[in-house]
1. Rounding to the nearest 20 debye, state how big the charge dipole of the chain is about its Cα centre with +1 on each Lys and Arg Cβ and -1 on each Asp and Glu Cβ.
2. Carbon and sulfur: what percent of the stretch 233-302's accessible surface (1.4 Å probe)?
3. With every protein chain in place, what's the accessible area of Asp57 (1.4 Å probe, Å², nearest 10)?
4. Tell me the mean residue ellipticity at 222 nm calculated for the chain from its helices only (DSSP H runs of n ≥ 4, each -39500 (n - 2.57), averaged over every residue, nearest 500).
5. Using the heavy atoms of the protein chains alone and a 1.4 angstrom probe, what is the accessible area of the chain per residue in square angstrom?
6. Once a ≥ b ≥ c are taken as the square roots of the eigenvalues of the Cα gyration tensor of the chain, is the result rounded (a/c under 1.5), prolate (a/b larger than b/c) or oblate (a/b not larger than b/c)?
7. Normalising by the residue count of the stretch 279-397, find the relative contact order in percent from Cα pairs under 8 Å and 6+ residues apart.
8. When the Karplus curve 6.51 cos²θ - 1.76 cosθ + 1.60 is applied with θ = phi - 60°, which whole-Hz ³J(HN,Hα) does each residue of the stretch 388-405 get, with x for Gly and Pro?
Amino acid sequence: MMLSLSSVLMFIQTISNLKIGSSAVVMPYDVDLPPEHMAFYFNNNPLAAEACRKNEDCPYKKHLDKKVCWGYEEICTEENRYFDPVCQDDSKGWVKSKKEQTEMFFNQGDFGYIKERKKEMKVLCGEGGSLLECASYTRFCRAKNVMFDFKKLLDMPEPMRHFFRYREDVIGEGQVGGYCKLDKKKLKDEGHHKSPLQSWFAELEHFVELPGQPIKEQMCDAIIDRPTFILKLDATVNMYHHFCDFFNLYASLHLNNTFSKDVYIFMWDTIPYRSNFGITWKAFTNFPLLNLGQFKGQKVCFMDAVFPLLPRMIFGMYYNMPLVPGCQGSGLFHAFNRHIIHRLGIIQQRNIENKVRITLLTRSTQYRRILNEDELIKALEKISECTVQKVNFNGRIPFIEQLEISHNSDVLIGMHGAGLTHMLFQPDWAVIFEIFNCEDENCYRDLARLRGLKYITWEKRDKLFPEDKGHHPTLGAHAKFTNYAFDVKEFIRLVNIAIHHVKNHPSFQNKHNITKSKSSPSHTEL
């Protein structure tokens, strides 16, 4: 009988020593990346490229020797980098030139962000058998041969799940350290962003130099020798916030230049992870998730640990990030789309009739429902050049099926809400129609710009009919806390703009072998 990893951990914890890891030997190019990403991987991993070159069975030989780069490498010209943003509109005073506008967008929301963090990396503890190095404010760190003592967990009352990850007192003085020479001043200087989801300073500020030699088995209750990503998560029940976790983890793979799934994910939480979006972890690891609760009271030694970028960093990705106006199309977000779609095996279904596939997101919540939803659906069904479906992305639909729907939706329509995060997995030619933004104008507009999709929202307030003024529990009248009806003709006018965009997008035409149309948006009689 095969035991689960958690069962094995619980059993082995009864003895004095625990060793987890011992990775199987695999070819260095066997990283399960989208084929279109392999050339970029090879250029950053010359040993993997050489192994592929020498192995007759390597399936990626055609991706060798291509002059391409993601955009964060020391030498990477614009013509060779993965993706270039498009800045056609005005920056609204943010910068003085189009070049500055493009560079700012690239550094805020693209691979330029990775490049900036790479420049910041500094060694805080080195010259020994251990290592601790971090980007500014400890927003991203790497460690080798370090020890964490989780004995304080034994005295902490079991908290509600949501609040534990905001604790900053899990690690006390001397309960984290390594066998290296620590620059105490350098470490202290990185504490200005100390906050649960903004930096790792609370977990690392008490780092000390350990006496003796590098980690030995008798010094640790548990040794984890497989590379481990230690994560602090945002709200796992909300797709917008949880995918900020997944996206920052993906960005951290680039920052660490490691894409193997032969790694552990270690949750900085005492309660086992649960989420409707949990299938997404299969894009990052081959193993069950670990958490703090499995190691209460133990000294745990990590041979190779990464502390990834966090979901609520100041000027971070993508929650509340500043984003220069007028640009769209982030290569980093495009690559994230390809990475997740590839590793989860999501298929772009064949669209035989070349019709535009429209998906309307319905809600079963108390607020932000579309009051005349059926009327809008009937109007959509009269448009001959499209197909229409209505879905409710709730927990009753497995998330993998939700991704299949969004990846095969040319136009995604929905009220302001986390379900619109599905735009991350729409095709490149797609449109996101936030039918009403509920006076939160930039949230999903900016996400659409980063993904490189056309964004549409309601334009004429006199053709929008709220049920009432809205009832926020503490703030009074609020646009997000009511329901809405929409003028049907105005709705169809906006949908026709979306259809026109899809049918005239070069990627849609190439996919479906159709000739570019010179017609204007069609008009549909109701």
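1. Once rounded to the nearest 20, the dipole reads 340 debye.
2. Roughly 50 percent of what the probe reaches on the stretch 233-302 is carbon or sulfur.
3. 130
4. -7500 deg cm²/dmol
5. Solvent-accessible surface per residue comes out at 46 Å².
6. prolate
7. 22
8. Working through the residues one at a time gives 10, 9, 10, 9, 10, 7, 10, x, 7, 9, x, 4, 4, 5, 4, 5, 4, 5 Hz.
The values are calculated or read from the model by the stated rules, or taken from the named source; none is laboratory data. Model, not experiment: these values are computed from the prediction. No Cβ is skipped: glycine too gets one built from the backbone with ideal geometry, and neighbour counts run over all protein chains shown. The accessibility values were calculated without ligands, DNA or RNA, using every heavy atom of the protein model including side chains. Shrake-Rupley method; radii C 1.70, N 1.55, O 1.52, S 1.80 Å.
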